Amino acid sequence: MKKSSANSSTIARSAGVIGIAVMCSRLLGLVREQVFAGMFGAGTAYDAFVVAFRIPNLLRDLFAEGALSAAFVTVFSDYNTNRSKEETWQLAANVLTFFAIALSIISLLGIWLAEPIVLLMAHEYSAVEGKIALTTGLTQIMMPFLIFISLAAVAMGILNSKGRFFIPAMASTFFNLGSIVGGVGLALILPEYGYPAITGMAVGTLIGGFLQLAIQLPSLKKIGFSFRPRLNISDPGLRRILKLMVPATVGLSAVQINIFINTKFASSCIEGSVSWLSYAFRLVQLPIGVFGVTFSIAMMPVLARHAAEKNIPEMRTTLVSSLVMVLALTVPATAGLILLSEPIVRLIFERYAFSTADTLATSQALALYAVGLFAYSSNKVLVPAFYALDKPKFPVIASFIAIGTNLIFINLTIDKYQHLAIALSTSVTMLLNFTFLMVVLYLKMDGLPLKYLVTGSLKIIASTVAMCAVVYYGKDMLLAYLHGSTIQQLLSLSGIIVSAALLYGILLNAMKLSELSNVVSKFIEKFRRKSKA
């Protein structure tokens, strides 16, 4: 039991470090979206950028944050535990070299086939003069982003497996920084040379991708890794990674098919729909990144180590404890985003080219995306467990079930609800995925500590209900200020959120949710030690 508590504390501590870094990145990401909203609003230019960026991003999800990342961490952790240092570093060098070559070939193919891919994803853009050509050009510029971001994911996997979390998590902050500074600078300069301003933002994306990789290189050197190009296709470690990637890639391809379906449906809706959905999803990605991705990154090396040791009981405890932590953070975030969607969108985006009508359409999509927030974040925690158990086929099955559900749901609702049908369908499929994965894990791990999970969930729900009352009445009392100047909006919205969060934390601590109690007690203990010193 002490060991389990230690694992939970280790994950919580790692997640805290990662969470700070991811929060910085996501906040800068919001600044990036504010720049887009202010400069381009929700129209042709940003619609074109969203689809163009989605093409390399679909492949990024397969490699950087999906199959490659999970498979590499699993095999690298095994090497790190059971093999020599020389063999471990040789594996890393071989993987980096192999994927640098493979992804370069894929990027060149993407540049060559950009126009037919754009027509496949958003044929309806041809109804607007020049929109297909603009989207194609932006796609060709951004395709090499795939190379930088995927190699950055391998670097992150190496550092995480060695217990280094902060710099890899901060790396995406440099992506956003490069995108903003480089993108805005070029967006202001390029129109003087006859290029659309949005082209500058596309080049900025490439600059950001390069920085995300480059910022991790000094940390790799510090832990003893010195990259020397090495290509050995017959290397058993590389082959094992590729073998693990096959079912994962098939499964993630199902996710990408869903994104493709959603993009195609959104491009057939009224002008601006792609932009509204993109802005809304960016906002919901903040808690997903800070909570779901954070705990997934922190938990993956621990699960991989337990799997290498064949320690299933510890895997069960680690998994459920991590899940309770994620639920404790995402359930109140879900409620808050639903109740405060409009004031949040108004404060962040409504200025310059972004209109009141855009605020309303985006906030409605945000509220519907938020419905599936806890499921989306929880899935980020559940999926690595299947890799650790060497059973990656079940996330694949879940993903293909999601495709069918998504297609049926959108076809039944798109005519009446337009872009809102897509946001709600995304949440419904995430909820279905969560249910499926939980049931399968329960069966494959010969049970889970469900009593602990249910007890923790009830405490979280009770505290969230009380928190919602504060949000609801606070919103009513400060309604005029929530529609006032930017400063009035910021102060009133911050007041509501801080008051609600404080009440939630106090109630949850009073109910003695052990994950929160451990964090609070460690913080108090650390504070006392510093005071005595």
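The values are calculated or read from the model by the stated rules, or taken from the named source; none is laboratory data. No experiment lies behind these values; they were computed from the predicted model shown. Neighbour counts run over all protein chains shown; Cβ positions are idealised from the backbone, glycine included.
Some observations on this one:
- Residue pairs whose Cβ atoms lie under 8 Å apart, sitting 6 or more positions apart in sequence or on different chains, and linking a residue in the range 161-176 that is basic (Lys, Arg) to a partner that is modelled with pLDDT of 75 or more and not in a helix (DSSP H, G or I), are Lys162/Ile223; Arg164/Ile223.
- So Val465, is it assigned to a helix (DSSP H, G or I), surrounded by fewer than 16 Cβ atoms within 10 Å (Cβ to Cβ), touching a helix residue (DSSP H, G or I) at 6+ places or on another chain (Cβ under 9 Å) and among the hydrophobic types (A, V, I, L, M, F, W, C): yes
Conditions (1) modelled with pLDDT of 85 or more; (2) under 23 Å from Met325 (Cα atoms); (3) outside any helix (DSSP H, G or I), marked per residue:
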residue: Leu493; (1), (2), (3): yes, no, no
residue: Ala501; (1), (2), (3): yes, yes, no
residue: Leu507; (1), (2), (3): yes, yes, no
residue: Val519; (1), (2), (3): no, yes, no
residue: Phe523; (1), (2), (3): no, yes, no
residue: Phe527; (1), (2), (3): no, yes, no
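- Taken over the range 65-106, the criterion of being crowded, with 17+ Cβ neighbours inside 10 Å, of a type in the set (D, E, K, R) and either farther than 12 Å from Ile241 by Cβ or without any contact (Cβ under 8 Å) to a residue 24 or more places away in the chain (or both) is satisfied by Glu65 alone.
- Scanning the range 389-419 for residues that are farther than 30 Å from Val324 by Cα and either touching a His at 6+ places or on another chain (Cβ under 8 Å) or assigned to a helix (DSSP H, G or I) (or both) turns up Leu407, Ile408, Ile410, Asn411, Leu412, Thr413, Ile414, Asp415, Lys416, Tyr417, His419.
- One residue stands out among those in the range 317-353 that are part of a helix (DSSP H, G or I) and among the charged types (D, E, K, R): the one that is surrounded by the fewest Cβ atoms within 10 Å (Cβ to Cβ), which is Glu342.
- For the range 51-72, the set of residues classified as more than 20 Å from Phe210 (Cα to Cα) and either at pLDDT 75 or above or in the same structural domain as Leu382 (by TED's automatic domain parsing) (or both) consists of Val51, Ala71, Phe72, listed by residue number.
- Any hit, the range 114-133, residues being aromatic (Phe, Trp, Tyr) and farther than 30 Å from Val75 by Cβ: yes
- Residue count, the range 433-447 (criterion: surrounded by fewer than 18 Cβ atoms within 10 Å (Cβ to Cβ) and either of a type in the set (Phe, Trp, Tyr) or over 17 Å from Thr405 (Cβ atoms) (or both)): 6
- Residue that is modelled with the highest pLDDT, among those in the range 160-190 that are surrounded by 22 or more Cβ atoms within 10 Å (Cβ to Cβ) and within 25 Å of Asn80 (Cβ to Cβ): Ala171
- Search result, residues across the range 183-223 that are in a loop (DSSP other than H, G, I, E, B) and either within 17 Å of Gly38 (Cα to Cα) or among the basic types (Lys, Arg) (or both): Pro196
- Helices (runs of 4 or more DSSP H) lying entirely in the range 52-128 (those with 2 or more residues that are closer than 20 Å to Val203 by Cα): 85-112, 114-121
- Unmet criterion (only one of (1) crowded, with 22+ Cβ neighbours inside 10 Å; (2) modelled with pLDDT of 90 or more) for Ala214: (1)
- Subset tally (residues that are buried (at least 21 other Cβ atoms within 10 Å of the Cβ) and among the hydroxyl-bearing types (Ser, Thr, Tyr)) for the range 392-426: 3
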